[in-house]
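A.B. asks: A single structure is presented below for examination.
Derivation of every value follows stated rules applied to the coordinates shown; laboratory data play no part. None of the values given here were measured: they were computed from a predicted structure. Positions of Cβ are generated from backbone atoms using ideal geometry, with glycine treated the same way; all protein chains shown enter the neighbour counts.
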Amino acid sequence: MERFTPYYKDMTRYITKSKVLSGLKCPKKLWLQTNNPELAIHSATSELNISKGIEIGNLVRRNYPDGILIEHVDRPDLAIAETKTLMQFIDAPIFEAAYLFEDSFIRADIMAPTEAGWRMIEVKSSGGVKEHFLNDCAIQTWVAQKTGVKIQNIVVAHVDTNFVYAGDGNYDGLLVEEDMTDTVSELLPDVPAWLANHRNILKNPVPKTRMRSHCKDCDFKEHCESEQTEYPLSILPNGRKVIAELQDAGFEDVRKIPVGLLTNDRHIKVWQSTCTNLPIISPILKTEFEKLPYPQFYLDFETINFAIPRWTGTRPHQQLPFQWSCHIDRQGMYLEHLEYLDTSVSSPMRAFAESLIEAVEIDGPIIVYGTFESTVLKTLIEFCPDLEIPIDNIIDRLANLLPWLQNHYYHPAMKGSWSIKAVLPTVAPHLDYLQLEDVKNGTLAQLAYLDIINPGTEQGIREHKIANLLKYCELDTKAMVEVVQFFKGSRDS
Ligand code: SF4
């Protein structure tokens, strides 16, 4: 039996701000969101960003203590009617004010009454005003104005990344409001064309859109990738310009690029290896890795960042370490594994630093993958200035595996990525991140940690998350050990 959806619940009949913004970024995304939403796979990054947005939204409302929240999430008709009534009869800020003009429906984060109209405030958890926020504000303003609302100011409220939390529950100064009235006003004449573009996309079959760098965080990434050739041009690392030129020339597959067209060394390496279906391994790796003295410490960190700082002395969006894993290779002896995961609700930095200093001893290379650990260690000195000397000693001993591999190794299965997750299956297929439960990447690690430090999490779930987080970080350092062992045992090719 066909299910009847009451007209007010059928949000697909409305043009919403988020859909217009999707259409501006990628027409295919808008089309899929509207016609095949079941193909979306919500990423951990989206989940984390949404929760940060909600946190900031709730905080900013504290600055408007008389504000009235309009709920009716599933009843746009009621939300619109309530907004109208409040605006007419009550002189107070309105949260989630709803407006409909023709088929365009928006909800404004905050509408605050002014002497001669309204101040529209859009709330963002980021550390500044990004370009797409302006389009966002323009759509909101255009629709509200069309319903007759007099908007005096258009403001973006965002986090001030210089704010330092004093630990007293006082977040005055965390949010800054930037008046964007003039810039947004210049965009208002473009809004009707954006809406026409939106309707046009949806009237037609699914658009053919090339995958680009913005696909990275898209919920339809897997779907779009599944429609591509096995080795699309997008695997050419940092190759935006050259990829566009090749696509314009009619190429879609790396294997079809003719000899002599690529000039960048890394692109040539990817192309060669993909065409021959053979890995490229430089003998330099064996020589360099054999030179590494013992004991060798393989180190990896997990960090968290909060839009609203939780711990004294920390700033918004600052990367704060809560976990490390370290494998120690003492040549010929069994591989030792040490680890630390802070499960207290309080600031983890000091315990993290002290346990780490003890684990990595005072001598021997500390092998990492990328520059992240070095950056985090420098931040750690801010929190533990008395530990500056031993932390500096760790920084001085860091040996970064990533550039070695980027310059001297490639396997066709890596598909243009030198991330440890892409490299590991090519050197140690028995160790794959896919075999992990729940926590398979850094963002999922952050979500697991948030659950662990949430006093409301059930004990059984908490223990499960702790076990998964430990397994994940351990695999990161075991992976590096495997990489070094593999190349030390490799032959020239
Ligand atoms: S993955 Fe890329 S091409 Fe596909 S819908 Fe998303 S943004 Fe568009």
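A.B. asks: Can you tell me the Rg and Dmax of the range 194-346, counting just the alpha carbons, in angstroms?
C.D. replies: Using the Cα atoms of the range 194-346, the pair Rg, Dmax is 23.4, 69 Å.
A.B. asks: Run down the lysines and flag those whose C-alpha is under 26 Å from the C-alpha of Lys150, throwing out any fewer than 8 positions away in its chain.
C.D. replies: Within reach: Lys17, Lys19, Lys84, Lys124, Lys130.
A.B. asks: Okay, moving on. Suppose the Debye formula is applied to equal point scatterers at every Cα of the range 122-260; what is log10 I(q)/I(0) at q = 0.12, 0.19 Å⁻¹?
C.D. replies: With one equal scatterer per Cα and no solvent, log10 I(q)/I(0) is -0.79, -1.10.
A.B. asks: I would also like to ask the following. Quick one: how many lysine pairs in the range 360-469 have C-alpha atoms under 22 angstrom apart, if they're 8 or more apart or on different chains?
C.D. replies: Step by step, the pairs that qualify in the range 360-469 add up to 4.
A.B. asks: Taking only the C-alpha atoms, wrap a convex hull around the range 230-287 and report its volume per residue in Å³ as a whole number. Don't jump to the answer; show the numbers that get you there.
C.D. replies: Details: hull volume 5.3 nm³, N = 58.
With only Cα atoms used, the range 230-287 gives 91 Å³ per residue.
A.B. asks: Also: What shape does the range 173-224 take by its C-alpha gyration tensor, where a ≥ b ≥ c are the square roots of the eigenvalues and a/c under 1.5 counts as rounded, a/b above b/c as prolate, and the rest as oblate? It would help to have the intermediate numbers written out before the result.
C.D. replies: Values: a/c = 3.55, a/b = 1.41, b/c = 2.51.
The shape class here is oblate.
A.B. asks: May I pose another question? If the convex hull of the alpha-carbon atoms of the range 401-454 is projected onto planes in all directions, what is the mean projected area in square nanometres?
C.D. replies: 4.6
A.B. asks: Another question, if that's okay. Using the Kirkwood radius built from alpha carbon pairs, what does the Stokes-Einstein equation give as D for the chain at 20 °C and 1.002 mPa s, in µm² per second?
C.D. replies: For these conditions, the coefficient is 82 µm²/s.
A.B. asks: About the Cα centre, and with charges only on the beta carbon of Lys, Arg (+1) and Asp, Glu (-1), how big is the dipole of the range 280-493? Nearest 20 debye, please.
C.D. replies: The dipole of the range 280-493 has a size of about 640 debye.
A.B. asks: Longer than 24 Å from Cα to Cα, which of Lys52/Lys216; Lys28/Lys52; Lys25/Lys203 are they? Say none if no pair is.
C.D. replies: Among Lys52/Lys216; Lys28/Lys52; Lys25/Lys203, the Cα-Cα distance tops 24 Å for Lys28/Lys52.
A.B. asks: Something else about it: If the only charges are +1 at each Lys and Arg Cβ and -1 at each Asp and Glu Cβ, what is the size of the charge dipole of the chain around the Cα centre, to the nearest 20 debye?
C.D. replies: It comes to approximately 1760 debye.
A.B. asks: A further question on this structure: Could you give the distance between the Cα centres of the range 182-221 and the range 275-339, to the whole Å?
C.D. replies: Here the answer is 40 Å between Cα centres.
A.B. asks: Please work out the Kirkwood hydrodynamic radius for the range 280-493, using every pair of different C-alpha atoms, and report it in angstroms with one decimal place.
C.D. replies: Result for the range 280-493 stands at 18.1 Å.
A.B. asks: Taking a cut-off of 16 Å between Cα atoms, list the aspartates and glutamates near Lys488, but don't count ones fewer than 8 places away on the same chain.
C.D. replies: List returned: Glu288, Glu290, Asp329.
A.B. asks: Rounded, prolate or oblate: pick one for the range 33-192, where a ≥ b ≥ c are the square roots of the eigenvalues of its C-alpha gyration tensor, a/c under 1.5 means rounded, and failing that, prolate if a/b is larger than b/c, else oblate.
C.D. replies: The shape class here is rounded.
A.B. asks: OK, next. For the range 69-120 and the range 432-493, what is the separation of their Cα centres, given in Å?
C.D. replies: So the separation of the two Cα centres works out to 45 Å.
A.B. asks: In debye, nearest 20, what is the charge dipole magnitude of the range 7-198 about its Cα centre with +1 on Lys and Arg Cβ and -1 on Asp and Glu Cβ, if you could check?
C.D. replies: On the way: 18 positive and 27 negative charges, 130 e Å.
Computed charge dipole of the range 7-198: roughly 620 debye.
A.B. asks: While we're here: How would you rank 187-197, 319-329, highest first, on the average number of other Cβ atoms within 10 Å across their residues?
C.D. replies: Put in order of decreasing packing, that is 319-329, 187-197.
A.B. asks: Between Lys130 and Ala413, with labels modelled 7 Å along Cα→Cβ, what's the label distance in nm to one decimal, could you check?
C.D. replies: A separation of 3.4 nm, rounded to one decimal place.
A.B. asks: How large is log10 I(q)/I(0) at q = 0.16, 0.24, 0.25 Å⁻¹ when the Debye formula is applied to the Cα atoms of the range 361-406, each weighted equally and without solvent?
C.D. replies: The Debye formula, applied to the Cα set alone, gives -0.44, -0.84, -0.89.
A.B. asks: Select from Leu48, Leu59, Asn407 the residue farthest towards the positive end of the dipole of the chain; place +1 on Cβ of Lys and Arg, -1 on Cβ of Asp and Glu, and compute about the Cα centre.
C.D. replies: Asn407
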